[in-house]
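Peer 1: Structure below; questions to follow.
The values are calculated or read from the model by the stated rules, or taken from the named source; none is laboratory data. What you are looking at is a predicted structure, and each value in this text was computed from that prediction instead of being measured. Heads up, the Cβs are rebuilt from the backbone with ideal geometry, glycines too, and the neighbour counts pull from every protein chain shown.
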Amino acid sequence: MTNQILHSSFYRLTPIADPRALANQIPFWAQDLLGSLVVASQGVSGAVAGTPAAVAHFERALRQSDWLADVGHRIRFRHSACRTMPFGRMRVSVKPSLVTLGLPSTGPLPGPDQDDETHLDPHLWRELMARDDCVVLDNRNHFEYRVGHFKGAIDPEVHHFRDFVAFVEARAPVWRAQARPVAMYCTGGIRCDVTAPWLRSLGLDVRQLEGGILNYFETIPTAEEDWEGNCFVFDNRIALNTRLEESSISAEAVYDPTFPDERWRLDRAQKLDRSVQLDRSVQLDPAGDSEEGGHSISAESES
């Protein structure tokens with residue numbers, strides 16, 4: 001038996017006829033794993049962590065499931081080794097959408113396509129970034145940009161999803177008039193996939209980094225030449241370096257409490273850290289019971 005912890009992240013945009021049924025099935029595949037997953041009518045996304053054997057069992061079950069029978073072979077699981085257990089429990093959420101972006105209603109848009117030709121592999125992405133006319137657009141929160149970003153990338157200073165919309169709308173006419181390609185990236189790719197159709201509706205030539213930042217780190221051995229800082233991740237590891245290793249950055253160094261949206265994130269991170277420390281102390285007592293483990297399934301309505 002190994003004590004190695006393997007982290008696996010993924011997403012797949014595909015119609016799910018019964019998201020609740022899929023969500024109810026996931027815990028049976030994810031026994032001995034911790035993680036966080038979202039199921040919606042547009043697909044499934046998430047991350048799990050545990051032993052390599054348990055992770056492999058989950059990935060195989062998900063790929064072979066009836067819900068993903070037509071696209072299971074196209075799910076790309078991205079792996080990284082962990083020193084810290086990234087999650088405190090297994091949580092599966094059913095939501096109206098995988099990503100909440102609050103894009104303006106400008107009429108019907110094409111659905112996101114994570115396999116189209118606008119997705120560039122990391123080598124082609126590197127070539128595009130080197131062009132003088134390229135707009136490298138970070139599609140993440142402001143605090144994520146501060147933790148780390150591609151050199152030369154633009155920070156839309158997003159504290160709320162509407163900030164990204166306002167930033168792009170204000171600059172799209174100039175980028176369009178100058179025929180500048182927009183190279184958009186995010187952590188794993190899903191935010192860009194969901195956002196790209198709206199940017200194209202503004203007449204922009206949008207290219208996306210296939211698999212996001214994490215795929216770039218995994219693929220390019222010299223990624224540190226193009227990247228400044230670390231990459232924030234939404235789990236207990238906080239951030240990874242370009243070798244996909246946990247950094248030593250703290251939550252206090254990530255969040256600026258002078259911004260309201262970051263103040264609550266910092267409060268939550270500190271509360272989680274205290275609960276993890278308490279959980280560790282409980283585990284030292286064979287008679288104790290921890291509430292951190294187990295599985296939960298939650299639903300979020302359309303309203």
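Peer 1: Given the conditions (1) modelled with pLDDT under 95; (2) among the polar types (S, T, N, Q); (3) closer than 30 Å to Pro181 by Cβ, and given that Asn139 satisfies all but one, which numbered condition is not satisfied?
Peer 2: Among (1) modelled with pLDDT under 95; (2) among the polar types (S, T, N, Q); (3) closer than 30 Å to Pro181 by Cβ, Asn139 violates only (1).
Peer 1: Let me ask something else. Scan the stretch 205-226 for residues that are surrounded by 23 or more Cβ atoms within 10 Å (Cβ to Cβ) and either free of Cβ contacts under 8 Å to residues at least 40 places away in the same chain or assigned to a helix (DSSP H, G or I) (or both) and jot them down.
Peer 2: Gly212, Ile213, Tyr216, Phe217
Peer 1: Could you please let me know if Arg243 is farther than 14 Å from His123 by Cα and among the basic types (Lys, Arg)?
Peer 2: On the way: farther than 14 Å from His123 by Cα: yes; among the basic types (Lys, Arg): yes.
Yes, satisfied.
Peer 1: Give the number of residues within the stretch 38-62 that are assigned to a strand (DSSP E or B) and acidic (Asp, Glu).
Peer 2: So the first thing to find is which residues in the stretch 38-62 are assigned to a strand (DSSP E or B), and the list is 38-40, 43-50.
Next cut, acidic (Asp, Glu) only: none.
The total comes to 0.
Peer 1: Do any residues in the stretch 236-247 that are within 10 Å of Ala81 (Cβ to Cβ) have Cβ atoms under 8 Å from those of residues that are among the acidic types (Asp, Glu) and surrounded by fewer than 21 Cβ atoms within 10 Å (Cβ to Cβ), where the two are at least six apart or on different chains, and which pairs are they?
Peer 2: Listed by first residue and then by second, the contacts come to Leu244/Glu218.
Peer 1: State all residues of the stretch 63-79 that are among the basic types (Lys, Arg) and part of a loop (DSSP other than H, G, I, E, B); if no residue qualifies, say none. Break it down stepwise before answering.
Peer 2: Here is the first cut: in the stretch 63-79, the ones among the basic types (Lys, Arg) are 63, 74, 76, 78.
Within the stretch 63-79, just Arg76 meets the criteria.
Peer 1: Tell me, please, whether a residue that is over 17 Å from the mean Cα position of the chain (by Cα), under 30 Å from Ser201 (Cβ atoms) and acidic (Asp, Glu) can be found in the stretch 16-30.
Peer 2: Checked against the condition, which is being over 17 Å from the mean Cα position of the chain (by Cα), under 30 Å from Ser201 (Cβ atoms) and acidic (Asp, Glu), the stretch 16-30 yields no hits at all.
Peer 1: Just checking, how many residues over the stretch 47-79 are under 18 Å from the mean Cα position of the chain (by Cα), of a type in the set (Val, Ile, Thr) and farther than 19 Å from Gln31 by Cβ?
Peer 2: Summing the residues that are under 18 Å from the mean Cα position of the chain (by Cα), of a type in the set (Val, Ile, Thr) and farther than 19 Å from Gln31 by Cβ in the stretch 47-79 gives 1.
Peer 1: Tally the residues that are within 20 Å of Leu13 (Cα to Cα), in a strand (DSSP E or B) and among the aliphatic types (A, V, I, L, M), restricting the search to the stretch 25-37.
Peer 2: Adding up the residues that qualify gives 1.
Peer 1: Does the stretch 157-187 hold any residues that are under 18 Å from the mean Cα position of the chain (by Cα), surrounded by fewer than 21 Cβ atoms within 10 Å (Cβ to Cβ) and over 21 Å from Ala251 (Cα atoms), and which are they?
Peer 2: Listed by number, the list holds a single entry, Phe161.
Peer 1: Working only within the stretch 33-53, note down all residues that are at pLDDT 95 or above and surrounded by fewer than 19 Cβ atoms within 10 Å (Cβ to Cβ).
Peer 2: Matches in the stretch 33-53: Thr51, Pro52, Ala53.
Peer 1: Going by what's in this entry, would Val194 be described as out of contact with any strand residue (DSSP E or B) (no Cβ under 7 Å at 6 or more places or on another chain), over 28 Å from Gly50 (Cα atoms), modelled with pLDDT of 95 or more and among the β-branched types (Val, Ile, Thr)? First the steps, then the outcome.
Peer 2: On the way: out of contact with any strand residue (DSSP E or B) (no Cβ under 7 Å at 6 or more places or on another chain): yes; over 28 Å from Gly50 (Cα atoms): yes; modelled with pLDDT of 95 or more: no; among the β-branched types (Val, Ile, Thr): yes.
No: the conditions fail for Val194.
Peer 1: Just for the stretch 96-140: of the residues that are closer than 17 Å to Ile154 by Cβ and without any contact (Cβ under 8 Å) to a residue 40 or more places away in the chain, which one is nearest to the chain's Cα centre (by Cα)? Step through it out loud before you land on a result.
Peer 2: To start, the set of residues in the stretch 96-140 that are closer than 17 Å to Ile154 by Cβ comprises 125, 128-140.
So of that shortlist, the ones also without any contact (Cβ under 8 Å) to a residue 40 or more places away in the chain come out as 130, 132.
Working: Ala130: 25, Asp132: 28 Å.
Restricting to residues being closer than 17 Å to Ile154 by Cβ and without any contact (Cβ under 8 Å) to a residue 40 or more places away in the chain, the top hit is Ala130.
Peer 1: Restricting to the stretch 228-268, name every residue that is hydrophobic (A, V, I, L, M, F, W, C), out of contact with any Phe, Trp or Tyr (no Cβ under 6 Å at 6 or more places or on another chain) and under 20 Å from Gly189 (Cβ atoms).
Peer 2: Within the stretch 228-268, Cys231, Phe232, Val233, Phe234, Leu240 meet the criteria.
Peer 1: Is it the case that Pro52 is outside the structural domain of Glu245 (by TED's automatic domain parsing) and within 27 Å of Thr195 (Cα to Cα)? Quick ask: steps written out before the conclusion?
Peer 2: On the way: outside the structural domain of Glu245 (by TED's automatic domain parsing): yes; within 27 Å of Thr195 (Cα to Cα): no.
When the stated conditions are applied, Pro52 does not pass them.
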